[in-house]
Amino acid sequence: MATNDTDNKMPFTEHLEELRKRLIICFVAVGIGFVICYFFAEQLFRVLMQPLLQVMPPGEGLIFTALPEAFFTYLKVALLGGIGLASPVIIYQLWRFIAPGLYQRERRAMFPIVLFSTFFFVGGALFGYFVVFPFGFKFFIGFASDSIRAMPSIREYLKFAAKLLFAFGFIFELPLFTFFLARLGLVNAEMLRRKQKYSILIIFMLAAVLTPPDIVTQIMMAGPLLLLYELSIWIAKVFGRKPLGFEDEEEASA
């Protein structure tokens with residue numbers, strides 16, 4: 001029978017002290033990342049603006065309507081960049097905090113889980129940046145005319161872009177989430193296939209909530225979600241928990 005390292009249980013106060021130590025390290029790492037990114041905040045924001053600038057008329061750009069708006073926008077960009085820069089430290093500290101309470105096989109599984117989670121999140125954010133942003137922004141800018149000019153502010157653009165990037169990063173975690181549920185035996189491929197018509201409705205509702213109120217970006221989020229749902233069905237089929245009798249036969253043969 002497998003055992004973990006917490007057979008000699010730590011007092012609750014020691015757990016709190018350990019958590020406090022890990023959180024302090026994470027905050028320090030974010031602070032250092034923030035300071036580093038602040039020196040490049042303008043360049044980082046320019047990269048973030050690039051999909052919009054490419055579809056705007058030549059010579060036009062974003063504006064700010066309040067005196068401190070640009071300063072606070074750059075602070076937010078630096079903070080987001082600092083969190084991203086410190087993410088390896090944050091993940092490592094989280095691992096150090098929970099590792100003593102895990103079984104050996106669970107520790108071995110943590111690295112690929114973190115790796116794939118990061119891969120799917122970054123993949124979703126890149127999909128939003130390179131695919132959704134150009135089409136979505138072109139659609140929005142298309143409403144400009146001789147009497148109507150598009151003058152987006154940097155504050156609203158950062159809020160809009162960050163929301164979409166995090167939303168796409170989050171929804172691309174669906175296959176990994178399905179993998180966990182399938183391994184726990186909470187879902188299986190047959191169940192996901194039976195509930196597919198309800199899932200399609202939920203997907204479009206979720207896309208409507210996570211995206212701005214326009215049909216273009218909603219469809220561009222719902223489309224990948226539908227494909228990810230199909231992928232999740234196959235993941236549940238391949239990695240789902242086997243029937244109890246089959247597991248017993250495997251153990252007996254081993």
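General observations
- Peptides 58-66, 200-208, ordered by how many other C-beta atoms sit within 10 Å of their residues on average, highest first, read 200-208, 58-66.
- Pairs of Cα atoms farther than 20 Å apart, the range 52-179, %: 60 percent
- Dividing the Cα radius of gyration of the range 109-184 by its Kirkwood radius returns 1.18 for Rg/Rh.
- Normalised Debye scattering of the range 61-121 at q = 0.14, 0.20, 0.27, 0.28 Å⁻¹ gives log10 I(q)/I(0) of -0.59, -0.83, -1.12, -1.15, counting only Cα atoms as equal scatterers and leaving out solvent.
- Among the listed options [x] 18.5; [y] 13.8; [z] 14.7, the one matching mean projected area of the Cα convex hull in nm² as calculated from these coordinates is [x].
- Here each label is just a point 7 Å from Cα along the line to Cβ, and for residue 184 and residue 46 those points are 4.7 nm apart.
- One Cα centroid belongs to the range 112-152, the other to the range 28-100; the line between them spans 16 Å.
- Annotation: amide H of residue 153 within the under-5 Å range of 63, sequence separation 5 or more or interchain, hydrogens built in the peptide plane.
Values quoted throughout were computed directly from the atomic coordinates according to the rules given, and no laboratory measurement underlies them. All values derive from a computational prediction rather than experimental measurement. We place every Cβ from the backbone using ideal geometry, glycine too, and count neighbours over all the protein chains shown.
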